[in-house]
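J.: Take this structure first; my questions come after.
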Amino acid sequence: MSKKIRVAVVGVGSCASALIQGVEFYSRNPTNTVGLMFPEIGGYTPSDIKFVCAFDVDRRKVGEPIEDAIYASPNCNMRVIPQDEHFNCVDQSAKVYRGPTLDGIAPHMKDLDQRVSF
């Protein structure tokens with residue numbers, strides 16, 4: 001399709017990292033549909049998706065480009081796209097903005113190692 005689906009992500013955690021890397025992987029490899037239930041929906045394919053901004057509360061991600069923030073701790077999913085490679089599915093100016101802290105941080109998370117906590 002000629003129009004892109006512009007996507008904003010709320011929460012740049014491991015799930016968002018997997019989603020963005022997955023869109024990039026399938027955009028680069030359009031004939032490899034293993035893992036996709038529907039390689040095309042309504043004429044749209046993964047290459048029609050463009051991530052344009054994101055929101056998070058973690059200081060390690062806020063202000064960073066999305067393609068860097070998806071690899072920041074405490075994200076722990078596997079890397080499908082190497083960190084030093086450019087993502088075509090992410091707008092070049094897309095970065096992570098500070099979202100509102102609505103529910104706080106659970107007391108048991110405050111004393112955890114910074115690599116696995118907020």
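J.: Helix-only estimate, please: 222 nm mean residue ellipticity of the chain, summing -39500 (n - 2.57) across DSSP H runs of length 4 or more and dividing by its residues, to the nearest 500.
T.: The helix-only estimate for the chain comes to -4500 deg cm²/dmol at 222 nm.
J.: In addition: Using only the C-alpha atoms of the chain, find the volume of their convex hull and express it per residue in Å³.
T.: 124 Å³
J.: Enter the accessible area per residue of the chain (Å², integer; probe 1.4 Å; all protein chains in place).
T.: Ligands and nucleic acids excluded, the figure is 65 Å² per residue.
J.: What full-extension length gain, to one decimal in nm, is calculated for MET78 and SER47 as 0.36 nm per residue of separation minus the Cα-Cα distance?
T.: Stretched out fully, the MET78 to SER47 stretch lengthens by 9.0 nm.
J.: Taking the mean number of other Cβ atoms within 10 Å as a proxy for protection, how do you rank 52-59, 26-33 from highest to lowest?
T.: The peptides rank, most packed first, as 52-59, 26-33.
J.: I want to check the label-to-label distance for GLU40 and HIS108. Put each point 7 Å from Cα in the C-beta direction and report it in nm to one decimal.
T.: For GLU40 paired with HIS108, the spin-label model returns 4.8 nm.
J.: Quick one: of the DSSP bridges fully inside the chain, what percent are antiparallel, nearest 5?
T.: Expressed as a percentage, antiparallel bridges in the chain total about 15.
The values are calculated or read from the model by the stated rules, or taken from the named source; none is laboratory data. Just so you know, these numbers come straight off a predicted model, no measurement behind them. Reconstructed Cβ throughout: ideal geometry from the backbone, glycine too, with neighbour counts over all protein chains shown. In case anyone asks, the SASA skips ligands and DNA or RNA and just uses the protein heavy atoms, side chains included. Shrake-Rupley method; radii C 1.70, N 1.55, O 1.52, S 1.80 Å.
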